[in-house]
Every structure is written in structure tokens, then in C-alpha cells.
Amino acid sequence: MEKNKLQVALYWGAGCGGCDVAVLDTNEFILDLAAVADIRLWPIALDGKYKDVEAMADGELDLTIFNGAVRNSENEHVAKLLRRKSKLMVAFGSCAHLGGIPALANQATKEEIFERAYLKNPSIEEGNTTIPETMTRVGDGELTIPAFYKRVYKLNDVVDVDLYVPGCPPAPEQVKAVLKAVASGLLPLKGSVVGASERAVCDDCKRKKEEKKVKRFHRPWQIIQDPDRCLMEQGILCAGSATRSGCGVRCPNSNMPCRGCYGPLPNVVDQGAKLLSAVASIVDSKDPEEIARILDGIQDITGYAYRFGMAGSLLQRSIR
Amino acid sequence: MARTIRIDPITRLEGHGKIEIFLNDDGSVKDCHFQIPELRGFERFVVGRPIEELPRIVTRICGVCPASHHLAGAKAVDGCFGGELPPLAAKLRDMYYQAHYIHSHIAHFFALAAPDLALGLFLAYADAASPDPWVPKALLAALAVARSEGDQAWLRGRLEPRADSPYVLAARGEPALGLEALEEELARRLEEMRSR
């Protein structure tokens with residue numbers, strides 16, 4: 001450990017490792033990072049254990065880059081541990097920022113998830129079912145696993161967060177920019193979203209926008225799309241108007257609609273409500289029955305409106 | 001009281017895991033348990049969503065091997081539609097998967113596993129008490145193959161919009177460049193690789 005180097009931890013809660021790979025994918029840039037920083041914990045790549053973190057003094061870390069949502073008690077425990085040890089806490093990627101894909105589970109109950117995963121999964125041998133318990137006695141020893149919460153939380157539901165880096169995963173060039181800013185000590189105001197733009201994905205999208213009047217919504221495979229024209233104008237639901245840019249518009253550029261991983265625009269409270277308001281404004285009818293029919297063309301609207309942000313939405317979860 | 005050795009968390013792979021080793025009084029191993037204390041519930045929360053969205057959702061099962069989950073999702077969609085995959089689509093998928101294969105092996109070997117195997121004996125053990133990271137040394141070794149990694153990253157970038165969240169190979173996605181431009185650039189790039 002060199003005293004003049006930044007002390008850094010990278011950790012994952014309920015995530016997929018894609019954010020860690022996004023950091024690894026900066027390739028040789030990691031050498032620049034390593035020149036100015038000691039990485040003290042990074043499960044995907046280094047041998048740090050929880051006991052090493054527990055042994056640190058409070059505030060010993062300069063920075064924790066936390067990806068993943070909070071799904072269970074271990075995620076919360078380690079988030080709180082790292083918060084205590086760290087001067088700066090960065091929520092990195094969609095899951096830590098707003099719940100991400102794992103928060104889609106907030107539409108189901110814990111019991112429904114357990115039933116599907118542990119009792120009625122097609123790959124389960126008949127009769128060979130186990131519902132995990134937080135504590136199991138084996139011989140004279142005890143095995144413990146984290147408690148699975150009733151819903152998914154975003155990182156700032158359980159700890160104070162200093163900065164947010166959106167994206168699923170954050171684009172590599174944005175990762176570099178953020179790490180450079182940290183290394184230089186030039187940090188934006190607490191609570192800022194960094195590594196992203198202040199504009200909407202639509203503002204950066206090169207597709208032609210003409211008149212938004214939709215008589216029917218299509219699933220992407222139901223029509224041959226015009227690759228030069230706004231997807232929404234073609235009736236393909238796209239979250240670009242409700243989503244912060246900074247991703248490089250990579251999905252619409254590849255003929256796939258935006259699903260909103262960079263989160264809401266600045267000063268927008270609820271990304272899904274923003275998207276629904278855009279949808280409502282383009283329906284080309286004044287007849288209530290026809291309007292209902294047109295909107296019925298969108299299946300799983302919740303899954304589009306809150307694909308990456310259920311835990312950060314006003315709804316947060318289904319209540320049953 | 002017999003001792004317990006706890007390895008928590010398991011590192012250098014995707015996902016959460018821990019190992020508990022129970023020892024006898026003489027220090028021999030009595031019992032050993034490997035646990036995966038993690039569930040996100042994809043099995044449940046994909047239910048009821050449009051099938052063509054699944055290849056975009058299940059990639060987040062694992063961000064280290066998203067291509068495998070993406071293609072599994074794409075094949076499931078193929079199965080639901082009962083259609084036959086056009087030869088061009090099959091080739092694109094294959095090319096994409098090969099690129100992922102190269103990326104995954106390079107990432108696993110150089111960033112995750114090799115430092116223990118190659119440098120561990122000399123550095124990690126000698127300096128076990130120090131948190132001084134081996135990352136720079138390991139990555140210096142990785143840079144020896146960075147050019148080939150750069151090549152595959154380039155290829156993946158042409159085939160999909162996001163390295164870790166592949167989207168485009170199901171339900172009418174197309175490479176950002178367009179197929180003809182891709183073919184031209186690919187031919188040029190392969191020629192460059194050959195001449196190195």
C-alpha cells in the first residue's frame with residue numbers, strides 16, 4: 001500500500017458482473033488507474049475478502065465503486081460496511097443507480113420467486129426440492145446465507161451515495177472519464193449523475209423525426225422498419241425521449257429501440273411516467289375505444305417503462 | 001471447539017459464493033460446503049414479458065458471458081416462432097459468439113486467473129500480507145495480447161451496440177454499420193491482422 005495512492009474498492013451487489021467487465025474493458029487504461037490507485041477489494045479480479053475490509057479503519061478507502069442492486073441482507077451489509085470505510089461512494093451502473101434489471105422482480109413476491117426458482121423450475125428433479133433457509137445446521141456447524149428481501153432496493157435506499165454513474169453497463173469511454181475525474185480530484189457536486197449527458201437519447205439520435213402520430217404500436221419483429229426514421233414514429237416503442245443520453249445511442253443505431261438504461265432525464269422524477277406521457281401524446285385518435293385499442297397493442301407496459309428503474313420509480317414495486 | 005475456515009467471498013469469477021470448511025480437532029477436514037448465496041429470480045420475473053425482449057433481459061444473468069445468454073435467449077425466440085434461421089443470421093451469430101469466446105478467454109486468463117497461476121508463486125505468496133495489487137503486472141502481461149483483444153473488441157463492437165449487453169442478434173437487430181460495410185471493413189481488418 002502506497003500512502004500517496006488512492007485507495008479504491010470495487011464491489012458488486014445484486015448484479016451480473018457486466019459493470020466490472022466494463023471497467024476491465026477499458027483495457028490498458030487500467031494501468032493508468034493502477035498507477036494512481038491501489039485496488040483493495042474487487043471480487044471479480046482480486047483476492048480481497050470481507051474480513052480485509054472489516055479490518056480497515058473507517059474512511060481508509062478514498063472511493064468505493066459499487067455496482068449491483070440490493071436484493072439481500074449481504075448486499076446491504078457490505079454496502080454499509082464499504083460506506084463506513086469509504087470517503088466517497090459511487091453508485092455504478094443501472095442496478096446501483098435505479099435497481100436495474102434485477103428490480104423487474106419487484107413485480108413478483110418473494111414467495112412467487114422462490115416457488116418458481118426452487119419448487120417449479122423445469123430443471124428441478126422431481127421430489128428433490130429445497131427452499132433455502134438463512135441458517136442450516138450441519139453436524140456441529142452452522143451454514144448461513146443472506147436473507148432474501150421482499151423487494152429490490154437501489155443503493156441509495158440503504159446508504160448515502162455521493163455520485164451516480166448510469167448505464168447497463170456504463171459505456172467504456174464514460175468509465176474512463178469518471179475514473180479520470182476521480183483520479184484528478186475534480187469531483188462534481190454530491191448527488192450528481194456523472195458519465196452521462198444532460199440531453200435525451202432522442203436529442204443525440206440521428207434518425208429522422210417528422211410527425212409523431214401512431215395508429216398502431218408494433219413489436220419490433222412485426223414490421224420492416226425504416227432504418228432512417230424515428231422508431232417511435234414507426235410505432236415501435238422506444239424509451240429514447242424519456243432517457244438520459246451518454247450511451248452513444250448504440251441501441252437505436254443498431255436498429256433496436258432504447259430501453260432506458262441511462263435512467264431519467266435531469267429533473268425528471270419518474271422515467272416511466274415520462275415515457276407514458278410521450279406514448280399518450282402520439283396516439284393518433286380522439287375516440288376512447290380506438291385509443292384503448294391502440295394502447296392495448298403495448299404488452300407489458302410496466303416492463304418497458306421501468307425496464308431498468310423499477311426500484312427508483314414512484315411505484316417501486318407491485319403491492320400484493 | 002473445532003475450527004472453521006471461511007472463504008468469503010469467492011473471487012475472480014462472476015457471482016457470489018462462499019466456502020465453509022469444518023475441521024476436526026487434529027486439523028483434518030471434516031466437512032466442506034460450497035454455497036451460492038445469491039438469487040435474483042430471472043426464472044420468475046421474465047414470465048409475462050414479450051418473448052422478443054428476453055434476449056435483451058437475460059444477458060444480465062451474467063455480464064461476463066452475456067453473449068451466451070443472449071444467444072440462448074435468441075434460440076428460445078427462434079423456437080417460439082418456429083422459424084428457420086437464415087444462413088446470414090446464423091453466420092452473424094457464429095461470428096459474434098467467436099468474438100465473445102476470444103474476449104472471455106483473454107479476460108479470464110489474463111485478468112482473473114493467470115496472475116495467480118503465473119505470478120502467484122513469486123509475488124502473491126511472497127507479499128501475501130500486502131494489499132499491493134498485482135493488477136499492473138498482470139495487465140502488462142495482458143497487453144502482450146492486447147492487440148488481438150483489440151481486434152475482437154472491434155469485431156464485437158461492429159456486431160452489437162454494447163459489449164456487455166448484446167442486443168442486436170435477435171428479432172431484426174442488425175450490425176450498426178450495415179452488412180456490406182461490415183463485410184468490407186472485416187476483410188480489410190483481417191488483411192491487417194495477417195500482415196502483422
Could you list, in sequence order, the residues of the range A:175-193 that are at pLDDT below 85 and either among the aliphatic types (A, V, I, L, M) or buried (at least 21 other Cβ atoms within 10 Å of the Cβ) (or both)?
-> A:VAL175, A:ALA177, A:VAL178, A:LEU179, A:ALA181, A:VAL182, A:ALA183, A:LEU186, A:LEU187
Residue in the range A:52-93 that is farthest from the chain's Cα centre (by Cα), counting only those that are of a type in the set (Ser, Thr, Tyr) and surrounded by 24 or more Cβ atoms within 10 Å (Cβ to Cβ) | A:SER86
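Taking the range A:193-221 only, how many residues are assigned to a strand (DSSP E or B) and either closer than 25 Å to B:GLU53 by Cβ or more than 26 Å from the chain's Cα centre (by Cα) (or both)? Working first, answer last.
Of the range A:193-221, the ones assigned to a strand (DSSP E or B) are A:193, A:200, A:208, A:214, A:218.
Checking the rest, the ones that are also either closer than 25 Å to B:GLU53 by Cβ or more than 26 Å from the chain's Cα centre (by Cα) (or both) come to A:200, A:208, A:214, A:218.
Residues that pass the stated criteria total 4.
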Are there any pairs, at least 6 apart or on different chains, whose C-beta atoms fall under 6 Å, with the first in the range A:70-83 and under 15 Å from A:GLU54 (Cβ atoms) and the second hydrophobic (A, V, I, L, M, F, W, C), and if so, which?
-> A:ALA79/A:VAL158; A:ALA79/A:VAL159; A:LYS80/A:VAL159; A:LEU81/A:VAL53; A:LEU82/A:ALA9; A:ARG83/A:MET89; A:ARG83/A:VAL159
Just need a number here: residues in the range A:296-320 that are at pLDDT 95 or above and over 30 Å from A:PRO170 (Cα atoms).
-> 0
Please find, within the range A:134-155, the residue that is farthest from the other protein chains (Cβ to nearest Cβ) out of those that are free of Cβ contacts under 8 Å to residues at least 12 places away in the same chain and hydrophobic (A, V, I, L, M, F, W, C).
-> A:MET135
Spans of helices (runs of 4 or more DSSP H) in the range A:247-298 with at least 3 residues over 29 Å from B:VAL58 (Cβ atoms) = A:271-282, A:288-296
Given the conditions (1) within 13 Å of chain B (Cβ to nearest Cβ); (2) farther than 29 Å from A:GLY260 by Cβ, which single one is not true for A:ALA108?
-> (2)
Of the numbered conditions (1) closer than 30 Å to B:CYS80 by Cα; (2) away from chain B (no Cβ under 14 Å); (3) surrounded by fewer than 22 Cβ atoms within 10 Å (Cβ to Cβ), A:LYS208 fails exactly one; give the number of that condition.
-> (1)
In the range A:114-146, residues that are exposed (fewer than 12 other Cβ atoms within 10 Å of the Cβ) and small (Gly, Ala, Ser) total 3
Considering only the range B:2-14, state which residues are more than 7 Å from every other protein chain (Cβ to nearest Cβ) and either within 30 Å of A:GLY18 (Cβ to Cβ) or out of contact with any strand residue (DSSP E or B) (no Cβ under 8 Å at 6 or more places or on another chain) (or both).
-> B:ARG6, B:ILE7, B:ILE10, B:LEU13
The range B:75-96: number of residues that are exposed (fewer than 11 other Cβ atoms within 10 Å of the Cβ) and either at positive phi or of a type in the set (Phe, Trp, Tyr) (or both) | 1
The one condition A:ASP58 fails out of (1) more than 22 Å from A:LYS154 (Cα to Cα); (2) within 11 Å of another protein chain (Cβ to nearest Cβ) is (2)
Please find, within the range B:16-74, the residue that is surrounded by the fewest Cβ atoms within 10 Å (Cβ to Cβ) out of those that are touching a His at 6+ places or on another chain (Cβ under 7 Å), in contact (Cβ under 8 Å) with a residue 24 or more places away in the chain and within 9 Å of chain A (Cβ to nearest Cβ).
-> B:CYS62
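The values are calculated or read from the model by the stated rules, or taken from the named source; none is laboratory data. For clarity, every value in this text was computed on a predicted model and none was experimentally measured. Using ideal geometry, Cβ is built from the backbone for each residue, glycine included, and neighbour counts are taken over all protein chains shown.
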